[in-house]
Protein chains: 2
Amino acid sequence: MRVAILAHEQFPDRAKTALGVLRYADHDVVGVLDRENAGEDVADFVTDVQDAPIYEGMAALEADAVDALLIGIAPIGGGFEDSWREDVRTALEYGCDVISGLHYFLSEDEEFVRLADENGCELRDVRKPPADLTVAEGVAGEVDAEIILTVGTDCSVGKMTTTMELADAARDAGHDAAVVPTGQTGIVIEGWGNPIDRVVSDFTAGAVEEMILEKGDDHDYLFVEGQGSIVHPAYSAVTCGILHGSMPDRLVLCHDAGREAIHGYESFDLPALKTYIDLYEGLSAPVSDGEVVAGALNTTGLKDDDAAREAVDEYADAIGAPATDVIRFDAADVLEALVGEPGV
Amino acid sequence: MRVAILAHEQFPDRAKTALGVLRYADHDVVGVLDRENAGEDVADFVTDVQDAPIYEGMAALEADAVDALLIGIAPIGGGFEDSWREDVRTALEYGCDVISGLHYFLSEDEEFVRLADENGCELRDVRKPPADLTVAEGVAGEVDAEIILTVGTDCSVGKMTTTMELADAARDAGHDAAVVPTGQTGIVIEGWGNPIDRVVSDFTAGAVEEMILEKGDDHDYLFVEGQGSIVHPAYSAVTCGILHGSMPDRLVLCHDAGREAIHGYESFDLPALKTYIDLYEGLSAPVSDGEVVAGALNTTGLKDDDAAREAVDEYADAIGAPATDVIRFDAADVLEALVGEPGV
């Protein structure tokens with residue numbers, strides 16, 4: 001599938017979905033839409049993902065060059081910004097499907113529904129949860145697979161990336177590992193999954209449990225994508241539901257080097273790393289005894305490799321477990337802590 | 001408003017909504033529907049609430065004797081049991097409104113919609129959240145009122161009852177106190193409120209914050225109704241969202257005397273009371289520094305007053321704070337810990 005990715009004014013640093021798709025999905029990305037960086041290329045900003053030209057808008061692409069437009073950014077609240085409307089309109093007029101992970105459902109927007117209908121294309125809201133979800137039964141721990149969950153000190157610290165990279169590394173080492181996606185980017189990349197932040201709050205754990213039960217007897221390891229942080233003023237409910245719904249055996253604590261306050265909620269300082277470990281393990285203990293056995297530090301903000309290496313070492317010391325930057329360095333020690341010796 | 005309350009086979013012990021309405025709401029309860037106890041009276045089971053006869057079903061009441069049928073029970077999962085259908089059907093044929101706090105929306109049931117339409121009556125799903133909810137901004141702490149939140153060791157330990165009783169006691173002592181309801185029973189009693197367990201999980205904290213902002217500058221104390229428990233395998237997400245969305249100053253730890261395992265999830269033991277305090281305070285600290293300053297013990301299961309008194313004293317010792325059974329004993333010490341000296 002040839003996709004264009006909308007990421008206006010937020011590429012690359014605040015375009016989590018766009019970057020995730022560029023890095024992990026099988027899609028052929030034919031362009032990124034970013035009116036701030038039109039004329040440049042993805043490779044001018046990020047080098048370890050597939051390259052693509054950056055365009056002003058959808059109209060700059062030929063109609064027959066693209067199969068789908070993907071909304072690659074998600075503002076706080078998940079609303080649709082009206083400055084994106086022209087791009088979606090053009091995509092639909094081109095006959096492209098539009099794939100969105102926003103809280104705002106394109107499939108309930110009157111104009112988009114009409115245009116999709118007229119042009120025979122599809123509006124796919126991946127954040128629209130299935131109708132048959134229900135409360136957890138507390139049985140995720142009964143599956144054969146070992147459950148490994150990424151947990152974080154904040155939003156946007158690299159939980160999705162860590163999940164994808166560690167699952168890849170485990171597979172490279174000969175293990176049978178799968179990813180359990182819980183957010184829009186992960187779902188777009190993996191092609192399945194429940195959008196946990198969009199389910200009825202009573203069903204939060206249940207929507208995770210349902211995925212664990214679906215895959216848990218087919219693999220040796222499930223890497224569950226965590227969300228938010230357990231002390232986030234807005235999103236902790238989702239984090240807590242994933243922690244109890246997935247009933248993890250092992251936790252990977254993800255952190256962004258240098259982050260000191262909650263992103264977008266800067267009046268709230270991040271507590272000490274030790275506090276996070278106590279809270280995640282303390283909350284997990286009565287349900288599944290998950291322990292923080294590894295760490296993932298996002299060192300994107302550090303230009304120098306030596307400084308990044310030092311930050312990772314300090315982080316490992318602080319959490320008392322092996323750590324790495326899954327993008328910048330190798331994951332061998334972390335992987336050993338999570339899945340043991342290489343498989344066959 | 002004259003209401004009949006449906007509570008088949010679960011009255012009184014598992015009919016939380018029915019009991020809450022009998023105890024706190026202004027409605028005139030003309031009958032309880034319970035096919036197991038038909039012919040008896042509410043007062044044969046519970047003495048400190050308004051009395052009403054118990055009937056086999058809706059057909060046993062006269063059509064002109066009742067204005068509304070209220071679903072007074074909520075099974076795990078919040079489904080509609082088909083054995084209740086005849087009662088709802090009869091109520092609608094009588095021209096009664098039907099009020100429900102189930103996850104299953106009566107207003108989306110084809111037969112009920114048709115009958116309501118034919119008979120000019122209303123289907124009111126109080127668990128249907130408003131459409132304009134969004135993510136929390138982390139500002140509940142800025143209101144004038146002191147925020148007091150009930151938290152629990154499990155579901156169905158008395159958080160709603162404790163909230164109602166303590167708010168009443170505070171008002172009796174001359175304070176300006178209001179209740180912030182978060183569940184179906186509280187919403188039915190108070191006549192307003194967001195059904196937190198039914199909102200989109202990303203909006204859990206936001207839906208609580210919105211209520212705090214609405215009432216927080218009009219009162220000196222807000223008593224926020226807690227839900228679930230922070231270590232519940234299915235419902236902890238809701239608990240966590242309320243804890244961070246309400247940004248409480250003080251917490252009241254509610255527990256059911258003798259409860260040792262999670263209700264309905266008996267393979268999970270309740271952790272020690274001290275563990276709950278550590279988890280609730282530890283999770284609250286980075287956001288609002290809420291502290292457990294009082295306890296509420298539900299001693300319904302203890303026949304003897306002396307045994308109940310002893311259990312309350314032991315509970316107070318265990319949590320290191322004044323405690324009471326808000327139904328059985330007075331709340332003076334607990335109230336002083338929460339709101340200080342009597343107001344004016």
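Listing for the model above:
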quantity: Residue selected from segment A:303-338 under the condition acidic (Asp, Glu) and assigned to a loop (DSSP other than H, G, I, E, B), by the criterion most open to solvent (accessible area, probe 1.4 Å); calculated: A:330
quantity: Candidates B:13, B:64 - the one that is more than 27 Å from residue A:133 (Cα to Cα), part of a loop (DSSP other than H, G, I, E, B) and not basic (Lys, Arg); calculated: B:13
quantity: Out of B:186, B:120, sole residue that is modelled with pLDDT under 95 and either under 25 Å from residue B:263 (Cβ atoms) or not assigned by TED's automatic domain parsing to the domain that holds residue B:235 (or both); calculated: B:186
quantity: Residue within segment A:271-293 that is among the aliphatic types (A, V, I, L, M), surrounded by fewer than 13 Cβ atoms within 10 Å (Cβ to Cβ), outside any strand (DSSP E or B) and not assigned by TED's automatic domain parsing to the domain that holds residue A:175 present; calculated: no
quantity: Exclusive hit being closer than 29 Å to residue B:235 by Cβ, more than 23 Å from the chain's Cα centre (by Cα) and surrounded by fewer than 20 Cβ atoms within 10 Å (Cβ to Cβ), set B:36, B:56, B:86; calculated: B:36
quantity: Scan of segment A:260-270 for residues that are under 21 Å from residue A:325 (Cα atoms) and outside any loop (DSSP other than H, G, I, E, B), ordered by number; calculated: A:261, A:262
quantity: Residue selected from segment B:60-79 under the condition open to solvent by 30 Å² or more (accessible area, probe 1.4 Å) and touching a strand residue (DSSP E or B) at 6+ places or on another chain (Cβ under 8 Å), by the criterion nearest to the other protein chains (Cβ to nearest Cβ); calculated: B:67
quantity: Number of the exception - residue B:300 against (1) of a type in the set (Ser, Thr, Tyr); (2) closer than 20 Å to residue B:177 by Cβ; (3) touching a residue at least 60 places away in the same chain (Cβ under 8 Å); calculated: (2)
quantity: Neighbours by Cβ (under 7 Å, 6+ apart or cross-chain): first from segment A:38-61, in the same structural domain as residue A:87 (by TED's automatic domain parsing); second part of a helix (DSSP H, G or I) and open to solvent by 40 Å² or more (accessible area, probe 1.4 Å); calculated: A:49/A:23; A:51/A:43; A:57/A:86
quantity: 1 or more residues touching a Ser or Thr at 6+ places or on another chain (Cβ under 9 Å) and more than 30 Å from residue A:1 (Cα to Cα): qualifying helices (runs of 4 or more DSSP H) within segment A:134-247; calculated: A:204-215, A:236-246
quantity: Filter result (among the aliphatic types (A, V, I, L, M), out of contact with any Gly (no Cβ under 6 Å at 6 or more places or on another chain) and either free of Cβ contacts under 8 Å to residues at least 24 places away in the same chain or surrounded by 21 or more Cβ atoms within 10 Å (Cβ to Cβ) (or both)) within segment B:130-164; calculated: B:131, B:140, B:147, B:148, B:157, B:164
quantity: Filter pass, residue B:121 being surrounded by fewer than 22 Cβ atoms within 10 Å (Cβ to Cβ) and in contact with a strand residue (DSSP E or B) (Cβ under 9 Å, 6 or more places away or on another chain); calculated: yes
quantity: Among (1) under 23 Å from residue B:302 (Cα atoms); (2) in contact (Cβ under 8 Å) with a residue 40 or more places away in the chain; (3) part of a loop (DSSP other than H, G, I, E, B) - the single one residue B:73 does not satisfy; calculated: (1)
quantity: Which listed residue is closer than 25 Å to residue A:170 by Cβ and open to solvent by 10 Å² or more (accessible area, probe 1.4 Å), from A:255, A:263; calculated: A:255
quantity: Residues that are over 18 Å from residue B:249 (Cβ atoms) and buried (at least 24 other Cβ atoms within 10 Å of the Cβ), drawn from segment B:165-183; calculated: B:181, B:183
quantity: Boolean, residue B:281 is within 14 Å of chain A (Cβ to nearest Cβ) and in contact with a helix residue (DSSP H, G or I) (Cβ under 6 Å, 6 or more places away or on another chain); calculated: no
quantity: Qualifying residue in segment B:188-210 (condition: in contact with a strand residue (DSSP E or B) (Cβ under 9 Å, 6 or more places away or on another chain), open to solvent by less than 10 Å² (accessible area, probe 1.4 Å), more than 14 Å from chain A (Cβ to nearest Cβ) and in contact (Cβ under 8 Å) with a residue 24 or more places away in the chain); calculated: no
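The values are calculated or read from the model by the stated rules, or taken from the named source; none is laboratory data. What you see is a predicted model; the values in this text were computed from it and never measured. Here Cβ is always computed from backbone atoms with ideal geometry, including for glycine, and neighbour counts include all displayed protein chains. Accessible surface is based on the protein model in full, side chains and every heavy atom, while ligands, DNA and RNA are left aside. Shrake-Rupley method; radii C 1.70, N 1.55, O 1.52, S 1.80 Å.
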